[in-house]
Amino acid sequence: EIALHTLLSAAQQPQQEQRRGGRNNDQGNQHNVHTSKSVTKGVKPAQELLRGMAVHEYPFWVCRDESEMPLEYVKIAFRATWHHFHSIVNTVLDSPQTDPPIRLACLILLRYTIGCSIFLDMSVEREAFVSQLARLKYIMKRERSNHRQYNNPVQTSKKYVMEGRYKTEEWYITLEGFASSRETTMRAIEEVYRHVKTLRMAIQAHSRTTKSMNRVLRKIRNGDMLSQNASRAFICEGDLVKRCRGGRDVTYRFFLFSDQLVYAHRSTQRDFKVHAELPLDVMSLNDPYGTNTTGSNNRTTPNANSNNMASLMFQINHPRKSFWVVAPDMDAKARWIKDISAAVAKFTRT
């Protein structure tokens, strides 16, 4: 189509140039010759390729809607092509950082390949794709965990599959029980679809979390350093007034993540420069005014200008730094204490 379009343009060019005069006509003829040579040079390799393919039998069979392909033919086709799908999924799983849309496409591919292998009663292919599903489940579960030993789930997932640990899990035993009998084939496919649906919802939720995380990191100077931990998730942000030791009040922007609390000040470049990062595993809160209290450190409350300001204060205790902060109102104070307490409890529990 491109060559035909070029030839038509070249044929029309001299006629257009002829209307503009003899000088332009010569230029048009030169352009026509140059275009013809370019087209010939481009078409010749294609002709040689088609000549080489012509000696081979046409390998495709077009099935019309009203026709039915024998099941054995489907089996032959799937047996000849399944390793290509297997390689695609492996490539995605071996990638240390995969975008949610790519992982979602990989999951849909596994849904169809596992379903086909179960329906066609192809046990070897079924086991190959089910092991990939197990590996994907393992990676996603470890990515949601904040435990330090799960910082590299891609590598540990290979060992998990090679050792066959997934074969002792309930979901695999149930799936294999249904897939081993022709009477329960559809039950097995339904089981696969159920697991895929659960993972798909988790991927979509992770996609929303990732977008929120990226939006926050763009505000922070060198924010990419905070994204190195794949399991880290953003929870909330807001301004709190930090009461310094000399009695001076400084407003900082606080960012609460699933594993640490970060506070920063706004620079002249309008971004936030990190002042301190406080891990949550050794953090506690002190609220002497009754909103909520976690930890047992009861230190002296700093002097406040009024009782109203004192009621808005709570203390953040950490081995690295301990200080009092003032929330803008009681609702904001309650939200901060609730969110930090929940994040600390969840992080220490994992």
At a 1.4 Å probe, what is the % contribution of carbon and sulfur to the accessible area of the range 226-280?
43 percent
Can you flag which of K158/K321; K167/K197; K159/K346; K141/K242 are past 32 Å Cα-Cα?
K158/K321; K141/K242
Would you kindly find the accessible area of K321, with a 1.4 Å probe and non-protein molecules such as ligands, DNA and RNA excluded, rounding to the nearest 10 Å²?
70 Å²
How large is ³J(HN,Hα), in whole Hz, for each residue of the range 242-253 in order, when computed from phi with the Karplus curve 6.51 cos²θ - 1.76 cosθ + 1.60 and θ = phi - 60°, using x for Gly and Pro?
8, 8, 7, 5, x, x, 7, 9, 10, 8, 10, 8
Assign one of three labels to the range 130-222, namely rounded, prolate or oblate, based on the Cα gyration tensor with a ≥ b ≥ c the square roots of its eigenvalues; rounded applies when a/c is under 1.5, prolate when it is not and a/b is larger than b/c, and oblate otherwise.
oblate
Sulfur and carbon atoms: percent of accessible area, the range 73-153 [1.4 Å]
59 percent
K211: which lysines have alpha carbons under 18 Å from its alpha carbon, excluding same-chain residues fewer than 8 sequence positions away?
K219
Kindly report, to the nearest 10 Å², the accessible surface of E170 as traced by a 1.4 Å probe over protein heavy atoms only.
150 Å²
18 Å Cα-Cα reach of K75 towards lysines, excluding residues that sit fewer than 8 places from it in its own chain:
none
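The values are calculated or read from the model by the stated rules, or taken from the named source; none is laboratory data. The model shown is predicted, which means the values in this text are computed figures rather than measured ones. Protein only, heavy atoms only, side chains kept; ligands, DNA and RNA dropped before computing areas. Shrake-Rupley method; radii C 1.70, N 1.55, O 1.52, S 1.80 Å.
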